[in-house]
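Here the structure comes first, spelled out in structure tokens, and everything after it is commentary.
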Amino acid sequence: MFKSSALLYLYVETPFHPGSGSGLGVVDLPVQRERITGYPMMQASGLKGKLRAEAMARATTDAEKEQVLAVFGPETNGAAEHAGAFSPGDARILLFPVRSLLGVFAWTTSRTALARFQRDLQTAASLNPKLAGGFEKFKTQFALLPGDLKEDEAFVATGNDVSADNQVTLEEFTFTARLLDAVKELGKWFAGNAFPFVDENDEYKFWRGKAATSLVVLPDNAFRDFTEYATEVINRIKLKRETKTVESGALWSEEHLPSDTVLYAPLFASRARRAGCENLDVLGFVKTLCNAVPRVQLGGDETVGRGLVRLRYNGGNDANPSTNA
């Protein structure tokens, strides 16, 4: 039974390939996707495995290694001893960047994506009262979004930098812009709660400001299509070492989530079961780890700089106090 909860946000800094293996479509190596919605995601096992590896790499004493085993579970050969106490969920899409005629790009989302996020946030808040205030503020602004969004319309923040003449153009598609204060407030909420924050003048100051002016809520179908067809597809080759020419048959394509994609994963913790660690604060351990290793490499193509992700742990007392979070 879970005892506590928090949220982990993932801000993609370099193209991110949470691979699903060989694909049957036009892309040889697609990203992982939800079966029903088609939204890109990263399975919980990959996220948990990376955090475990980072924690074990930092453990220098036997006591610290015991804590890692208590949180993440024993090694495979000792898996029958006890279960781990840390249970992350899948990393789901929250904000997807799309090229914009104005403002360079917009962060897009949809009512369905926001509704699912609200549900996950409410679940986390039910186990962690510190998240309740942030949940209520998000819920209030989300409720202000009208329910009559047409297929050729988009909700856009007042005072935004991505629309003109009541139109917003994303890729080659133009939507009628409906300006709403609620969208601006949702952007501020994301800036304060989901975007990385170290101090007022850190490297994410610009991006937190952009969140309030570049958020666009799209129709569900349009958002799904952008997440399917506006990802980055990169062609790669393998060279023969001796001749430096392309090896026969060694040309393939990979799908990546673009830089500035924002995902989130709910985190849950139960009582630690390892002897001597029963009183361990499991999520406190994870929070310390995320603060100590704020950037991790996730997914494939580590040797070519792909998958650099900035983590943001939020357990309720971790919002940026300078925003309306």
Members of the range 67-103 found to be modelled with pLDDT of 95 or more and of a type in the set (D, E, K, R), listed by number: Asp90, Arg92, Arg99
Where a residue in the range 210-227 is touching a residue at least 12 places away in the same chain (Cβ under 8 Å) and its partner, wherever it lies, is part of a loop (DSSP other than H, G, I, E, B) and aromatic (Phe, Trp, Tyr), with Cβ under 8 Å and at least six apart: Ala211/Phe195; Arg224/Tyr39; Thr227/Tyr39
Any chance Ser4 is among the hydroxyl-bearing types (Ser, Thr, Tyr), under 17 Å from Asp281 (Cα atoms) and either free of Cβ contacts under 8 Å to residues at least 12 places away in the same chain or out of contact with any Lys or Arg (no Cβ under 8 Å at 6 or more places or on another chain) (or both): yes
Residue tally, condition assigned to a loop (DSSP other than H, G, I, E, B), surrounded by 19 or more Cβ atoms within 10 Å (Cβ to Cβ) and in contact with a Leu (Cβ under 8 Å, 6 or more places away or on another chain), over the range 138-180: 2
Residue check for Val246: in contact with a Ser or Thr (Cβ under 6 Å, 6 or more places away or on another chain), farther than 30 Å from Thr158 by Cα and open to solvent by 30 Å² or more (accessible area, probe 1.4 Å): no
Of residues in the range 282-315 being surrounded by 14 or more Cβ atoms within 10 Å (Cβ to Cβ) and among the charged types (D, E, K, R), the one nearest to Ala191 (Cα to Cα): Arg312
Pair list, Cβ under 7 Å, 6 or more apart: the range 84-107 residue more than 30 Å from Leu280 (Cβ to Cβ) and touching a residue at least 40 places away in the same chain (Cβ under 8 Å), other residue among the basic types (Lys, Arg) and surrounded by fewer than 20 Cβ atoms within 10 Å (Cβ to Cβ): Phe105/Arg99
Arg111, sole failed condition from (1) touching a helix residue (DSSP H, G or I) at 6+ places or on another chain (Cβ under 7 Å); (2) among the basic types (Lys, Arg); (3) open to solvent by 80 Å² or more (accessible area, probe 1.4 Å): (3)
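The values are calculated or read from the model by the stated rules, or taken from the named source; none is laboratory data. Every value quoted in this text rests on a predicted model; they were computed, and no experiment measured them. A quick note on method: Cβ atoms are made from the backbone with ideal geometry, for glycine too, and the neighbour counts reach across all protein chains shown. Surface areas here come from the heavy atoms of the whole protein model, side chains and all, with no ligands, DNA or RNA. Shrake-Rupley method; radii C 1.70, N 1.55, O 1.52, S 1.80 Å.
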